[in-house]
Amino acid sequence: MKYENKIKEIDGLKKEIDKHRPLSPKALAQLQDYYRVGLTYSSNALEGNSLTETETKVVIEDGITIGGKPLKDHYEAMGHSEAFTRLYQLAKKKTITEKDITGLHHLFYYRIDEARAGKYRKEKVIITGSSFVPPPPSEIARLMKKFMNALPKLRKKYHPVEFAARLHQELVTIHPFTDGNGRTARLLMNLALLQTGYAITMIPPVVRSEYINALKKSQTGTKDHQPFINFISSMVYESMKDYKRLLNAL
């Protein structure tokens with residue numbers, strides 16, 4: 001499936017959504033609970049986590065262990081939920097720092113591997129199903145510094161939705177962590193979206209292959225970024241429609 005750039009339509013929806021603002025504390029809390037479960041489930045499911053959306057909700061909200069499911073899957077749900085809380089704290093700022101990114105990864109990963117949580121990888125990695133080879137560990141610190149230094153310029157140059165997509169793409173391409181790069185990149189993307197008044201955006205597991213293919217095109221061959229930007233804009237568009245529906249229901 002070919003995805004079209006939906007930024008114009010997104011901004012039309014944003015104008016309608018902005019009429020509902022400011023939201024009451026009760027409405028904000030309900031929306032945060034909704035997105036906490038939805039984003040945690042979808043982001044983990046993209047990486048092979050076996051918990052269903054209902055099971056994810058039970059693990060996060062009730063702290064109950066689901067029988068027959070790996071302990072790591074529970075840790076991923078709990079960790080992502082913690083990182084999600086941090087997302088809303090960081091969204092009050094208008095900047096993103098390297099410490100923000102490593103901090104989100106730490107919250108997500110410390111139950112799984114405390115020694116590697118929030119720390120850059122010290123080993124080479126390969127990505128299954130792709131010819132793209134992430135940079136060696138010796139390059140990560142330099143590439144992350146370069147990435148962070150470029151953020152203010154990128155923020156001015158691109159529409160907020162494209163900026164968020166490019167942050168996601170760049171972080172997974174640097175692939176700074178041993179594990180959890182995709183989830184950290186999606187958290188980072190959503191941080192950029194929240195900071196500029198756009199809705200939390202989920203990538204449903206059903207479009208996983210389209211998502212990965214668009215990402216691959218940005219990393220290999222001619223390194224065409226447009227398919228990934230179009231894909232993300234389509235996901236933001238669907239999320240903004242859902243957000244408008246929720247606001248009308250509250």
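Name the one entry in 50, 81 that is farther than 15 Å from residue 194 by Cβ, of a type outside the set (Phe, Trp, Tyr), within 20 Å of the chain's Cα centre (by Cα) and assigned to a helix (DSSP H, G or I). Please lay out each step first, then the result.
Values: 50 fails: assigned to a helix (DSSP H, G or I).
Answer to the check: 81.
List the pairs whose first member sits in the stretch 224-250 and is under 19 Å from residue 165 (Cα atoms), whose second member is basic (Lys, Arg), and whose Cβ atoms are under 6 Å apart, counting only residues at least 6 apart or on separate chains?
224/217; 227/217; 233/6; 234/6; 237/6
Just checking, does the stretch 121-128 include any residue being within 22 Å of residue 44 (Cβ to Cβ), surrounded by 14 or more Cβ atoms within 10 Å (Cβ to Cβ) and of a type in the set (S, T, N, Q)? Give the steps one after another, and end with the answer.
Let us first name the residues in the stretch 121-128 that are within 22 Å of residue 44 (Cβ to Cβ), namely 121, 125-128.
Still in the list and also surrounded by 14 or more Cβ atoms within 10 Å (Cβ to Cβ): 121, 125, 127.
Subsequent filtering for residues that are of a type in the set (S, T, N, Q) retains none.
The answer is no; no qualifying residue exists.
Restricting the search to the stretch 200-228, which residues are hydrophobic (A, V, I, L, M, F, W, C) and closer than 30 Å to residue 29 by Cα? Lay out the reasoning, then the answer.
Filtering the stretch 200-228 for residues hydrophobic (A, V, I, L, M, F, W, C) gives 200, 202-203, 206-207, 212, 214-215, 228.
Across the stretch 200-228, the qualifying residues are 200, 202, 203, 206, 207.
Within the set of pairs 6 or more residues apart or between chains, which connect a residue that is in contact (Cβ under 8 Å) with a residue 60 or more places away in the chain inside the stretch 181-194 to a residue that is among the acidic types (Asp, Glu) with Cβ atoms less than 7 Å apart?
Listed pairs, sorted by first residue: 182/47; 183/47.
Of all residues in the stretch 53-78, count the ones that are of a type outside the set (A, V, I, L, M), in a helix (DSSP H, G or I) and within 14 Å of residue 112 (Cβ to Cβ). Steps first, please.
Of all residues in the stretch 53-78, those of a type outside the set (A, V, I, L, M) come to 53-57, 61-63, 65, 67-70, 72-76.
When the remaining residues are screened for being in a helix (DSSP H, G or I), the result is 53-57, 61-62, 72-76.
Now restrict to residues that are within 14 Å of residue 112 (Cβ to Cβ): 72-76.
The total comes to 5.
Determine which member of the set 199, 165 is under 18 Å from the mean Cα position of the chain (by Cα), surrounded by 15 or more Cβ atoms within 10 Å (Cβ to Cβ) and assigned to a helix (DSSP H, G or I). Please lay out each step first, then the result.
Values: 199 fails: assigned to a helix (DSSP H, G or I).
Criteria check complete, one pass: 165.
Which pairs have Cβ atoms under 7 Å, sit 6 or more apart or on different chains, and link a residue in the stretch 22-38 that is outside any loop (DSSP other than H, G, I, E, B) and at pLDDT 95 or above to one that is surrounded by 15 or more Cβ atoms within 10 Å (Cβ to Cβ) and of a type in the set (Val, Ile, Thr)?
From the stretch 22-38, the pairs are 35/200; 36/60; 37/56; 37/60.
Taking the condition part of a helix (DSSP H, G or I), without any contact (Cβ under 8 Å) to a residue 60 or more places away in the chain and closer than 25 Å to residue 213 by Cα, does residue 126 pass?
In short, no.
Condition check ((1) in contact with a Phe, Trp or Tyr (Cβ under 8 Å, 6 or more places away or on another chain); (2) hydrophobic (A, V, I, L, M, F, W, C); (3) surrounded by fewer than 18 Cβ atoms within 10 Å (Cβ to Cβ)) across all residues:
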position: 47; (1), (2), (3): no, no, yes
position: 52; (1), (2), (3): yes, no, yes
position: 55; (1), (2), (3): no, no, no
position: 61; (1), (2), (3): no, no, yes
position: 66; (1), (2), (3): no, yes, yes
position: 72; (1), (2), (3): no, no, yes
position: 80; (1), (2), (3): yes, no, no
position: 83; (1), (2), (3): yes, yes, no
position: 87; (1), (2), (3): no, yes, no
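So which residues in the stretch 150-162 are in contact with a Phe, Trp or Tyr (Cβ under 9 Å, 6 or more places away or on another chain) and either buried (at least 18 other Cβ atoms within 10 Å of the Cβ) or not charged (D, E, K, R) (or both), if there are any at all?
The answer is 151, 154, 155, 160, 161.
Name the residue that is nearest to residue 74 (Cα to Cα), counting only residues in the stretch 129-158 that are assigned to a loop (DSSP other than H, G, I, E, B) and not small (Gly, Ala, Ser). Give the steps one after another, and end with the answer.
Residues of the stretch 129-158 assigned to a loop (DSSP other than H, G, I, E, B): 129-136, 158.
Checking the rest, the ones that are also not small (Gly, Ala, Ser) come to 132-136, 158.
Working: 132: 30, 133: 30, 134: 28, 135: 30, 136: 30, 158: 37 Å.
My answer is 134.
Considering every residue within the stretch 126-149, establish whether at least one is more than 24 Å from residue 205 (Cα to Cα), out of contact with any Phe, Trp or Tyr (no Cβ under 7 Å at 6 or more places or on another chain), polar (S, T, N, Q) and at pLDDT 95 or above.
For the stretch 126-149, residues more than 24 Å from residue 205 (Cα to Cα), out of contact with any Phe, Trp or Tyr (no Cβ under 7 Å at 6 or more places or on another chain), polar (S, T, N, Q) and at pLDDT 95 or above: present.
Are there any pairs with C-beta distances below 8 angstrom linking a residue in the stretch 106-118 that is modelled with pLDDT of 95 or more to a residue that is of a type in the set (Asp, Glu), with the two at least 6 apart or on different chains, and if so which?
Within 8 Å, the pairs are 107/82; 108/76; 108/82; 109/179; 112/76; 112/179; 113/179; 116/179.
Can you tell me which of 9, 4 is acidic (Asp, Glu), surrounded by fewer than 18 Cβ atoms within 10 Å (Cβ to Cβ), touching a Ser or Thr at 6+ places or on another chain (Cβ under 9 Å) and not in a loop (DSSP other than H, G, I, E, B)? It would help to see each step written out before you state the result.
Numbers: 4 fails: not in a loop (DSSP other than H, G, I, E, B).
Being acidic (Asp, Glu), surrounded by fewer than 18 Cβ atoms within 10 Å (Cβ to Cβ), touching a Ser or Thr at 6+ places or on another chain (Cβ under 9 Å) and not in a loop (DSSP other than H, G, I, E, B) holds for just one of 9, 4, which is 9.
The values are calculated or read from the model by the stated rules, or taken from the named source; none is laboratory data. This one's a predicted model, so the numbers in the text were calculated from it and none came from an experiment. Heads up, the Cβs are rebuilt from the backbone with ideal geometry, glycines too, and the neighbour counts pull from every protein chain shown.
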